[in-house]
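Structure first, commentary second.
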Amino acid sequence: MPRKILLKEKRSGKMFFNAPNVSSNIGLREMMEIVFTNADSYKEIAIVLLEWLRAKSDQENRGRTRWVTTSEMSHYINERLMLRRRSAAYAVVKNYLIPLGILEYRPSESKYLLSRDFAGALKRLADAYVRWTG
């Protein structure tokens, strides 16, 4: 079973990217390079989990809202990442992917969903920055 998801403020970490290299055609790996600038193991775990979630949902024909159950996620983490990296996988999910809005966790439905909140937050950040620069 997955660990209980309790969100708390996470204020550490760095985001770095070369602005001219960011385009609307970059892939998941390039996006995670920006999100996990100096945490290679977390970056790799995030890529593995997100690619699997998308593929599993598509394989099961779950529609445009891509999702997996908590038991499917737990089983995949145990199978793919094994015991050694299991706690790191849950740390990535709990401390980064959910708070950033890349994943949404719905305890009432026991589901993890790919979320669009990340994109919305980046748009709001961009709008705020443009307003601030005046």
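Odds and ends about this structure:
- Helix-derived mean residue ellipticity, 222 nm - over the chain, DSSP H n ≥ 4, -39500 (n - 2.57), to 500: -15000 deg cm²/dmol
- Helices of the chain meeting both criteria, an alpha-carbon length of 18 angstrom or more along the long axis and an average Kyte-Doolittle score not below -1.0, with helices taken as full DSSP H segments, are 40-59, 117-133.
- Near ALA46: Cβ cut-off under 14 Å, other residues only, Lys/Arg at +1 and Asp/Glu at -1. The net charge is +1.
Rule-based calculations on the coordinates, nothing more; no lab input. Predicted, not measured: the structure shown is a model, and the values here were computed from it. A quick note on method: Cβ atoms are made from the backbone with ideal geometry, for glycine too, and the neighbour counts reach across all protein chains shown.
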